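The values are calculated or read from the model by the stated rules, or taken from the named source; none is laboratory data. These numbers come from a predicted model, not from an experiment. For accessibility, only protein heavy atoms count, side chains too; no ligands or nucleic acids. Shrake-Rupley method; radii C 1.70, N 1.55, O 1.52, S 1.80 Å.
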Amino acid sequence: MSSAGTPADPGVSRERIARLLGRGVAQARTDSASHAQSIPATESQTGTHTSGDPVDLEQGVGPAGDYLARCKDFKRDTLHGAWRLGEVDGLDPRAFALLCGDASLGDLDPERAVYLDTETTGLSGGAGTWVFMVGLGWFEGGAFKVWQGFLGGPEQEAALLAETARRIAGAQSVVSFFGKSFDRHRLEDKMRIVGVDSPFEGLPHLDLYHPMRR
């Protein structure tokens, strides 16, 4: 690693990453393909899709009022693509620290992280863009829990954002895909407007977009 946190020698970096993952790059591709083929055909990988308003919503009461949300538990052996959710415990976070050039990710525990995604009405920030859904996932006990908070109307914005901040602040770290550049900033923009403190300060944030791109 150079002092700037980027790999000094790409070849050495790839070798180190392969060691941390416990396999070479070529072997990883082979393992992934064979792993996918080993999934029993009888195991459904389809979800329930609905149109119209979100279903199964319940009213919650948070630090700033009422909001709408739903929560669902998934067993650790649930398939996501060709991998089971519980296989996350085989990760060595030092590989992410190396790929991202961020030493704080070296101690990231996937079992104590919160996984973040949002849906918004636009790509720009500020008051004109609404975050109408916040999705958070985390491991708890023998399950992976997914919480989705929905904006039922403008009057619920502060409540939804305050509950989101409370849940994120209780995690050891944040994992997202392009969240460092988008989701986090859309949430912080809106939190600033309604007077909710940002929960992201001091939390290691693994944005999978950057190591996946590399």
Checklist entry - Under a 1.4 Å probe, what is the accessible area of the range 88-144 per residue, stated in Å²? => result 46 Å²
Checklist outcome for this item: Using alpha-carbon positions, the gyration tensor of the range 122-214 gives root eigenvalues a ≥ b ≥ c; with a/c under 1.5 called rounded, otherwise prolate if a/b exceeds b/c, else oblate, the class is oblate
Item to check | Partners for K190 among lysines (Cα-Cα distance below 24 Å; same-chain residues under 8 apart left out) | outcome: K180
Checklist outcome for this item: Sorted by chain and then number, the residues having a modelled amide H within less than 5 Å of the amide H of T118, at least 5 places away or on another chain, are G135
Checklist outcome for this item: Going residue by residue through the range 96-104, the Karplus relation 6.51 cos²θ - 1.76 cosθ + 1.60 with θ = phi - 60° gives ³J(HN,Hα) values, rounded to whole Hz and with x marking Gly or Pro, of 5, 4, 6, 5, 8, x, 10, 4, 5
